[in-house]
Structures are given as structure tokens and as C-alpha cells.
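Single-structure report; data block below.
No value in this document is a laboratory result; all are computed from the given coordinates. Values in this document were obtained by computation on a predicted structure and should not be read as measured data. Reconstructed Cβ throughout: ideal geometry from the backbone, glycine too, with neighbour counts over all protein chains shown.
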Amino acid sequence: MTLEDDVAERLAEESRRTGKSFKAVVNDAIRSGLDRRGAEPRSRYVVKARPMHAKPGIDFDCVWDLIERIEGPSFR
């Protein structure tokens, strides 16, 4: 098995930090990754749309114009 340089460095750092052998750190990392794959996927976060009841003349497509209208021209 060949490790990419960034992965090897992260594993070596973890080995130094924890005092565990490099082999133990590699095995722990692989086990952790494999355990996560078996976990149930999280449910999707869904945003429920609501009417904004915006006043006439307010355009939400141009955020900068909207902020300038609220904050004034000196906000930039």
C-alpha cells in the first residue's frame, strides 16, 4: 500500500500526538472510516419555503440594491 504524502503526514502527526505506533494509527483510521460507511445516512435537510410578503418595488434578485436600499449608499 502506498500512502499519499499528505495522508502519511497526518498519520505521522497523529502518531506523535497520541504516542501510538504508526501501524496502530493507520489501523484505527481505517477502522473508523469503514465504521462510518456502515452508519445510516443522515436525512436530508429540507428548507420549507414561505411567502415573504415583500412590499411592492423590492427586488430580491439584486442583493446589493436591496442592501443599499435598506442601509443607504454608504454601506459599501
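Would you order M1, M52 from fewest to most other beta-carbon atoms within 10 Å of each residue's own beta-carbon?
Going from sparsest to densest Cβ surroundings: M1, M52.
Toward the positive end of the charge dipole of the chain, about the Cα centre and with charges on Cβ (Lys, Arg +1; Asp, Glu -1), which of I70, V26, S43 goes farthest?
S43
Enumerate the whole-percent occupancy of each 5 Å bin, from 0 to the last occupied one, for all C-alpha pair distances of region 1-65.
Taking every Cα pair in region 1-65, the percentages come to 3, 12, 13, 12, 9, 6, 6, 5, 7, 9, 9, 6, 2, 0.
For E68, E13, which order do you get if you count the other beta carbons within 10 Å of each Cβ and list the fewest first?
E13, E68
Using the Karplus curve 6.51 cos²θ - 1.76 cosθ + 1.60 with θ = phi - 60°, what ³J(HN,Hα) values do you get for each residue of region 47-64, in whole Hz, with x for Gly and Pro?
Coupling constants for region 47-64: 8, 8, 6, 9, x, 8, 6, 5, 6, x, x, 8, 10, 7, 6, 10, 4, 4 Hz.
Counting other beta carbons within 10 Å of each residue's own, what order do E40, E9 fall into, fewest first? Can you show the working numbers first?
Values: E40 5, E9 11.
Ascending number of Cβ neighbours within 10 Å: E40, E9.
Restricting to DSSP loop positions (anything but H, G, I, E, B) with no more than 12 other Cβ atoms inside 10 Å of their own Cβ, which chymotrypsin sites (Phe, Trp or Tyr not before Pro) remain in the chain?
Here the sparse-neighbourhood loop sites are Y45, F60.
Enumerate the calculated ³J(HN,Hα) couplings along region 20-33 in order (Karplus 6.51 cos²θ - 1.76 cosθ + 1.60, θ = phi - 60°), each rounded to whole Hz, writing x wherever the residue is Gly or Pro.
Each residue's phi maps through the Karplus curve to give 7, 5, 4, 4, 5, 5, 4, 5, 4, 5, 5, 4, 4, x Hz.
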